[in-house]
1. Identify the single condition in (1) farther than 29 Å from ASP73 by Cα; (2) modelled with pLDDT of 95 or more; (3) surrounded by 17 or more Cβ atoms within 10 Å (Cβ to Cβ) that TRP260 does not satisfy, given that it satisfies every other one.
2. How many of the residues making up the stretch 157-192 are in contact with a strand residue (DSSP E or B) (Cβ under 9 Å, 6 or more places away or on another chain) and acidic (Asp, Glu)?
3. Considering each residue of the stretch 336-360, count those that are modelled with pLDDT of 95 or more and among the small types (Gly, Ala, Ser), and give that number.
4. So which pairs qualify, if the first residue must be in the stretch 336-352 and in contact (Cβ under 8 Å) with a residue 24 or more places away in the chain, the second must be buried (at least 19 other Cβ atoms within 10 Å of the Cβ) and in a strand (DSSP E or B), the Cβ gap must be under 6 Å, and the two must be at least 6 apart or on different chains?
5. Of (1) buried (at least 22 other Cβ atoms within 10 Å of the Cβ); (2) out of contact with any strand residue (DSSP E or B) (no Cβ under 6 Å at 6 or more places or on another chain), SER126 satisfies all except one. Which?
6. Among the candidates SER324, SER292, SER331, which residue alone is without any contact (Cβ under 8 Å) to a residue 40 or more places away in the chain and within 20 Å of LEU360 (Cα to Cα)?
7. When you scan the stretch 20-27, do you find a residue that is free of Cβ contacts under 8 Å to residues at least 12 places away in the same chain and either outside any strand (DSSP E or B) or of a type in the set (Val, Ile, Thr) (or both), even just one?
8. Would you confirm whether any residue within the stretch 239-253 is among the aliphatic types (A, V, I, L, M) and on the phi > 0 side of the Ramachandran plot?
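The values are calculated or read from the model by the stated rules, or taken from the named source; none is laboratory data. This structure is a prediction, so every number in the text was calculated from the model and none was measured. When we count neighbours, we look across all protein chains shown, and the Cβ atoms used for this are built from the backbone with ideal geometry, even at glycine.
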Amino acid sequence: MKLRYLLAALSVAFAFGMNALTLPRIIGDNMMLQQKSNVLLWGWAKPGSKVKIVTDWNGKSYSMQAARSGRWDIRVATPEASYETTSFTVEGDGKKIKVRNVLVGEVWFASGQSNMEMPMQGFIGSPVDGSNEAIAAAGKLKHALRFSTTPRQLSAVPLDSVGGPWVECTPESAAEFSAIGFYFARRLNEMLDVPVGIINCSYGGTRVEGWMPGEILKQYPEIDLTLAAKPGVMEAFQPMSMYNGMLYPLAGYTVRGFLWNQGESNVGMHDTYHKRLAQMVEHWRKLWDDNSLPFYAVEIPPFCYGDGLDGVSAALLRESQQKSIKLIPNSGMVSSIDLYTPGLWCQIHPSVKQPAADRLA
């Protein structure tokens, strides 16, 4: 109940805040914008008031009127990628917000469970290969990489605002960022020579059903939607909670594509996994208003999923993952069956992350 009271209090506070010009945390200093796109920027203001955005890279002005809810959405044209930082100004309700130190490059949305969430500094007892050297040298990429980590937040209803602020690449920020996300961004930067930004929206232990909306999940007879954000219920058994609390508030932030590392918690559900993953991707693309956004995934790691070394359940889930790729246009799946520490085959959190990220890139 404490979580529900907290969300209610936040909603009330947020409603009062809509009387003044407000931006979500994902839109602010140090952010990365997708190059050569009409990127979506949004926020809240007094209902009916005029909001204007002026971009420093081309001097153009964009404006619209806030809706009755106070929400406004403005699309802004971005230039080609550049290591030169830029800025823009949002004006409304007699207030100006200057967003500084902005980079334009390639932006990717990364999601899934703990193997996507696992930071460069590792989990307790689960290190990341090569991370010490990569973290120590991360400052050299301050001009090129940006990260945003979505805080864990569960909700039974779709929320309006969430998201961690964007941070520059430093040893401190790299240590706490998704290892898959960091290595992917670094490799993509090396190959394309453009800035790369990663939004990490992941939550350990979650099933694919946690990242889907109630409107789809209610079609599945075994799913109990009343378990969403319910205290005492394990995250893996909470349908739509991560979708409502973490992903939905970020929907539409202009990205180049999706990265996905999930499936461990769906082992044993191979008969339905591929169809549900395909439905999830189809819905995400609708939210982003782009049916062609690439979707690239990593198969589950070589772990003993409760059925011994023969790994039958894991093999069946990997087969289901491969089936999903056939159902999802413009998608791909990278293998990870060989990515484990020698002598430690049965690891739920393999230390070998860079090869998987390189394969995604």
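1. Here TRP260 clears every test but (1).
2. Matching residues across the stretch 157-192 total 3.
3. Qualifying residue count for the region: 2.
4. Short answer, once both residue conditions are applied: SER336/VAL298.
5. Status for SER126: all satisfied but (1).
6. On the way: SER324 fails: without any contact (Cβ under 8 Å) to a residue 40 or more places away in the chain; SER331 fails: without any contact (Cβ under 8 Å) to a residue 40 or more places away in the chain.
Of SER324, SER292, SER331, the one residue that is without any contact (Cβ under 8 Å) to a residue 40 or more places away in the chain and within 20 Å of LEU360 (Cα to Cα) is SER292.
7. Taking the stretch 20-27 as the starting set, the residues that turn out to be free of Cβ contacts under 8 Å to residues at least 12 places away in the same chain are none.
Taking every residue of the stretch 20-27 in turn, none turns out to be free of Cβ contacts under 8 Å to residues at least 12 places away in the same chain and either outside any strand (DSSP E or B) or of a type in the set (Val, Ile, Thr) (or both).
8. Here is the first cut: in the stretch 239-253, the ones among the aliphatic types (A, V, I, L, M) are 240, 242, 246-247, 250-251.
Filter once more, so that each one left must be on the phi > 0 side of the Ramachandran plot: 240.
Checked the stretch 239-253: at least one residue is among the aliphatic types (A, V, I, L, M) and on the phi > 0 side of the Ramachandran plot.
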